[in-house]
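Below is one structure, written out as structure tokens; comments come after it.
The values are calculated or read from the model by the stated rules, or taken from the named source; none is laboratory data. Keep in mind that what you see is a predicted model, and the values were worked out from it rather than measured. Every residue, glycine among them, receives a Cβ derived from its backbone with ideal geometry; neighbour counts consider all protein chains shown.
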Amino acid sequence: MSEEIEFDFGDNVEKSTFEQILDMDEEDDRDFSKSIVFGFLEQAEQTFGKMDSAMKDKDLPELSSLGHFLKGSSATLGFTKVKDECEKIQHYGHKKNETGEVDEPDEDKCLKLIGESIAEAKRAYEVVNDLMKKFYADP
């Protein structure tokens with residue numbers, strides 16, 4: 001009994017995944033899903049702060065770990081663009097290419113690519129954050 005929603009998320013949110021989260025709500029309110037979504041958004045902000053610190057320290061393993069962490073939670077909610085960039089961060093942190101299939105031994109190149117992916121992930125996060133505030137009518 002998946003709930004159909006009419007809200008336009010564009011290509012930022014995988015609708016079918018997000019609808020599964022909405023299916024957990026009570027019939028007459030969205031408090032449960034709202035708490036999950038806004039919990040993620042807060043968690044993402046904290047994780048981006050940790051990523052910024054790890055970038056300053058050039059800590060590839062930590063960056064990979066943080067990318068992996070945020071990839072999982074964003075995938076669960078259907079936040080595809082955030083997930084995709086975090087997956088790249090995870091791979092670059094392991095000194096691999098963006099797909100994780102080819103070794104990339106140049107740490108400076110990996111750090112540069114991680115920096116670009118963090119910036120993209122933050123942009124995607126801001127779009128999702130705005131969409132969720134509108135969806136949940138939270139000013």
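Restricting attention to the range 62-113 and to residues that are among the β-branched types (V, I, T) and under 26 Å from D11 (Cβ atoms), the residue that is surrounded by the most Cβ atoms within 10 Å (Cβ to Cβ) turns out to be I89.
Conditions (1) modelled with pLDDT of 95 or more; (2) of a type in the set (V, I, T); (3) within 26 Å of E6 (Cβ to Cβ), marked per residue:
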{"site": "F38", "(1), (2), (3)": "yes, no, yes"}
{"site": "L41", "(1), (2), (3)": "yes, no, yes"}
{"site": "T47", "(1), (2), (3)": "yes, yes, no"}
{"site": "D57", "(1), (2), (3)": "yes, no, no"}
{"site": "L60", "(1), (2), (3)": "yes, no, no"}
{"site": "P105", "(1), (2), (3)": "no, no, no"}
{"site": "G115", "(1), (2), (3)": "yes, no, no"}
{"site": "A124", "(1), (2), (3)": "yes, no, yes"}
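Could you tell me which residue of the range 46-66 is farthest from G115 (Cα to Cα), considering only residues that are in contact (Cβ under 8 Å) with a residue 40 or more places away in the chain, in a helix (DSSP H, G or I) and not aliphatic (A, V, I, L, M)?
F48
When residues in the range 28-49 are screened for being under 16 Å from K83 (Cα atoms), of a type outside the set (V, I, T) and surrounded by 14 or more Cβ atoms within 10 Å (Cβ to Cβ), 5 of them pass.
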